[in-house]
Amino acid sequence: MPSPVVVYVLLVLAFFSDAPWTVNGSSHCKQTNSGVIRPHSVTITEFGAVGDGVTLNTKAFQNAIFYLNSFADKGGAKLFVPAGRWLTGSFDLISHLTLLLDKDAVILGSTNSDDWPIVDPLPSYGRGRELPGGRHRSLIYGRNLTDIIITGDNGTIDGQGSIWWDWFRNGTLDYTRPHLVELMNSTGVIISNLTFLNSPFWTIHPVYCSHVRVQNVTILAPLDSPNTDGIDPDSSDNVCIEDCYISTGDDLIAIKSGWDEYGISYARPSTNVVIRGLIGQTHLGAGIAIGSEMSGGVSEVHAENLQFFNSVMAINIKTSPGRGGYVRNIYFSNVTLDHVDIAIRFTGQFGEHPDEFFDPNALPKIERITFKDVTGGYIKVAGLLEGIESDNFLNICLSDITLDVMSESPWNCSYIQGYSHLVTPEPCDPLRERIFPDHYLDCYHISNQFWRSNFHNRGARLLSW
């Protein structure tokens with residue numbers, strides 16, 4: 001008969017070979033070289049571009065990329081943007097391309113809406129996000145691409161979005177505002193070492209993409225600018241966002257997957273998303289949001305080493321009857337907050353539907369969401385957690401949370417069920433049942449940590465025999 005030590009070792013190996021946390025959140029976040037050598041390179045000035053901030057260079061960008069397309073199957077190509085202020089309208093990227101900006105290069109978005117063509121709405125949205133019909137194409141755009149790198153020595157891409165914000169506020173838009181960067185149906189995307197300013201709408205929008213890495217970028221817009229989200233992975237998988245500073249007028253990062261019946265029908269989830277080393281502030285949104293457009297589903301999200309300050313909300317999961325879909329297996333850890341109004345927010349009645357054809361009985365499934373190692377000072381409310389009647393949000397787990405809360409009612413919960421461990425101030429009644437020892441398996445990711453700790457301690461005792 002095998003000894004207890006052998007049995008124990010075999011159990012450990014069996015457990016760890018199947019443990020999802022050993023791969024989730026890391027395999028697609030390995031260091032990627034944005035400095036890959038392309039055998040063919042041109043400079044934008046070779047195509048007549050003038051970097052005076054006044055001359056419109058859309059044709060120069062389009063012609064340069066058209067020329068470089070002939071090298072796509074010969075190792076790829078690089079388009080270099082030197083120091084200067086390069087005004088342009090929307091232009092398309094190609095596969096196997098590096099768009100490289102000098103540290104003193106600034107790509108400026110045109111303030112003429114005609115320079116941002118109208119494209120079809122996304123099939124998972126059914127219409128423009130703001131208005132029925134089409135939408136303006138992003139400044140830097142690509143679809144059905146492979147191996148795209150947008151990088152630089154902290155060069156700048158400035159959408160000059162203030163005129164778009166004015167049109168939005170005045171109700172004079174004819175179509176939904178454009179993003180600064182949008183890549184669709186693309187694989188192998190790297191965006192790194194750049195500063196993005198003043199996007200007309202969401203800043204970086206990978207949609208229907210796989211294997212996306214956004215690293216070491218700064219995204220800035222006025223704190224009162226409307227809907228200037230930082231990075232919005234949308235119906236995309238294997239996404240890694242690392243070491244970014246974002247200060248904008250809405251969610252710093254918002255994970256999405258389609259809108260109501262259109263997102264349900266398109267059925268492409270966002271999954272395997274890792275966020276690390278995010279620092280930022282927002283006065284109109286959250287540090288990290290999921291939704292509210294989440295009808296295709298969102299799962300396997302790991303966010304860690306987060307710092308939010310001077311913000312309305314740190315984490316916001318937002319949805320509504322009619323969305324359908326699911327949000328599950330979400331893990332936030334090592335979160336530091338300072339002067340945040342609401343640390344954790346769940347919104348079950350976010351509203352806003354694309355049209356009258358949504359199904360109000362399509363209820364979202366929200367479950368297995370864990371918050372661990374969260375600290376904060378000058379917090380107004382620890383948690384405002386509002387689920388949906390007859391559709392409770394389940395297995396919400398809080399562990400090792402210490403917040404200095406100014407409100408006499410630090411937690412407000414409805415239609416929520418879950419567990420807690422070492423939470424100050426004490427959570428609301430639906431979350432007071434303890435995680436340990438009976439419910440750690442109900443909590444996403446905490447069960448893995450419990451097993452690791454338990455195996456380690458038990459193994460030490462066995463080996464001491």
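Asp224 satisfies every condition listed in (1) charged (D, E, K, R); (2) farther than 20 Å from Gly277 by Cα; (3) modelled with pLDDT under 95 except (3). Among the residues making up the range 60-74, a single one is under 14 Å from Leu99 (Cα atoms) and at pLDDT below 95: Ala72.
For the range 354-372, which positions are surrounded by fewer than 17 Cβ atoms within 10 Å (Cβ to Cβ) and either within 18 Å of Tyr419 (Cα to Cα) or touching a Phe, Trp or Tyr at 6+ places or on another chain (Cβ under 8 Å) (or both)? Lys365 - this is the single residue of the range 354-372 that is surrounded by fewer than 17 Cβ atoms within 10 Å (Cβ to Cβ) and either within 18 Å of Tyr419 (Cα to Cα) or touching a Phe, Trp or Tyr at 6+ places or on another chain (Cβ under 8 Å) (or both).
Among residues that are over 27 Å from Glu389 (Cα atoms) and at pLDDT 95 or above, Asn310 is included. The strands (runs of 3 or more DSSP E) located wholly in the range 137-224 that include 2 or more residues which are touching a residue at least 40 places away in the same chain (Cβ under 8 Å) and open to solvent by less than 30 Å² (accessible area, probe 1.4 Å) occupy 140-143, 146-152, 155-158, 181-184, 187-192, 194-197, 204-207. Would the range 116-139 turn up any residue that is out of contact with any strand residue (DSSP E or B) (no Cβ under 7 Å at 6 or more places or on another chain) and under 21 Å from His283 (Cβ atoms)? No, the range 116-139 contains no residue that is out of contact with any strand residue (DSSP E or B) (no Cβ under 7 Å at 6 or more places or on another chain) and under 21 Å from His283 (Cβ atoms). Report whether or not Val36 is under 17 Å from Leu194 (Cα atoms) and surrounded by fewer than 16 Cβ atoms within 10 Å (Cβ to Cβ). Spelling it out, Val36 is indeed under 17 Å from Leu194 (Cα atoms) and surrounded by fewer than 16 Cβ atoms within 10 Å (Cβ to Cβ). Once the range 297-321 is narrowed to residues that are open to solvent by less than 10 Å² (accessible area, probe 1.4 Å) and part of a loop (DSSP other than H, G, I, E, B), the residue that is farthest from Glu367 (Cα to Cα) is Ser320. Across the range 113-136, the qualifying residues are those that are surrounded by fewer than 20 Cβ atoms within 10 Å (Cβ to Cβ) and in contact with a helix residue (DSSP H, G or I) (Cβ under 7 Å, 6 or more places away or on another chain), and the one among them that is farthest from Asn57 (Cα to Cα) is Pro123.
Number of residues in the range 71-127 that are under 18 Å from Ser138 (Cα atoms), in a loop (DSSP other than H, G, I, E, B) and in contact with a Gly (Cβ under 7 Å, 6 or more places away or on another chain) equals 8. Applying the condition of being more than 16 Å from Ser399 (Cα to Cα) and not in a helix (DSSP H, G or I) to the range 417-465 and asking which residue is modelled with the highest pLDDT yields Trp465. Evaluated against (1) within 25 Å of Pro354 (Cα to Cα); (2) out of contact with any helix residue (DSSP H, G or I) (no Cβ under 9 Å at 6 or more places or on another chain), Ser295 falls short on exactly one condition, (2).
I need the full set of residues from the range 251-276 which are open to solvent by less than 20 Å² (accessible area, probe 1.4 Å) and either in a loop (DSSP other than H, G, I, E, B) or closer than 20 Å to Val335 by Cβ (or both), in order please. Give the steps one after another, and end with the answer.
From the range 251-276, those open to solvent by less than 20 Å² (accessible area, probe 1.4 Å) are 251-260, 263, 270, 273-275; that's our starting set.
If the condition is that a residue be open to solvent by less than 20 Å² (accessible area, probe 1.4 Å) and either in a loop (DSSP other than H, G, I, E, B) or closer than 20 Å to Val335 by Cβ (or both), then Asp251, Leu252, Ile253, Ala254, Ile255, Ser257, Gly258, Trp259, Val273, Val274, Ile275 are the ones that fit.
Filtering the range 395-416 down to residues that are in a strand (DSSP E or B) and on the phi > 0 side of the Ramachandran plot, which residue is surrounded by the most Cβ atoms within 10 Å (Cβ to Cβ)?
Initially, the range 395-416 is screened for residues in a strand (DSSP E or B), giving 395-405, 411-414, 416.
Next, only the ones that are on the phi > 0 side of the Ramachandran plot stay: 395, 400.
Numbers: Asn395: 20, Asp400: 17.
If we take residues in the range 395-416 being in a strand (DSSP E or B) and on the phi > 0 side of the Ramachandran plot, then Asn395 is surrounded by the most Cβ atoms within 10 Å (Cβ to Cβ).
Only a single criterion out of (1) touching a helix residue (DSSP H, G or I) at 6+ places or on another chain (Cβ under 7 Å); (2) at negative phi is not satisfied by Arg143, namely (1). Note on the range 225-236: residues that are in a loop (DSSP other than H, G, I, E, B) and either closer than 22 Å to Leu108 by Cβ or touching a helix residue (DSSP H, G or I) at 6+ places or on another chain (Cβ under 8 Å) (or both) total 7.
All of (1) touching a Leu at 6+ places or on another chain (Cβ under 9 Å); (2) open to solvent by 10 Å² or more (accessible area, probe 1.4 Å); (3) at positive phi hold for Phe80 with one exception: (3). Within the range 426-455, residues that are over 30 Å from Met406 (Cβ atoms) reach partners that are open to solvent by less than 10 Å² (accessible area, probe 1.4 Å) and modelled with pLDDT under 65 with beta carbons closer than 6 Å, at six or more positions or on different chains, in the pairs Asn448/Ala19.
The values are calculated or read from the model by the stated rules, or taken from the named source; none is laboratory data. Small disclaimer: the values here were computed from a predicted structure and weren't measured. For neighbour counting, all protein chains shown are included, and Cβ atoms are generated from backbone atoms with ideal geometry for every residue, glycine included. SASA here: full protein model, heavy atoms, side chains in, ligands and nucleic acids out. Shrake-Rupley method; radii C 1.70, N 1.55, O 1.52, S 1.80 Å.
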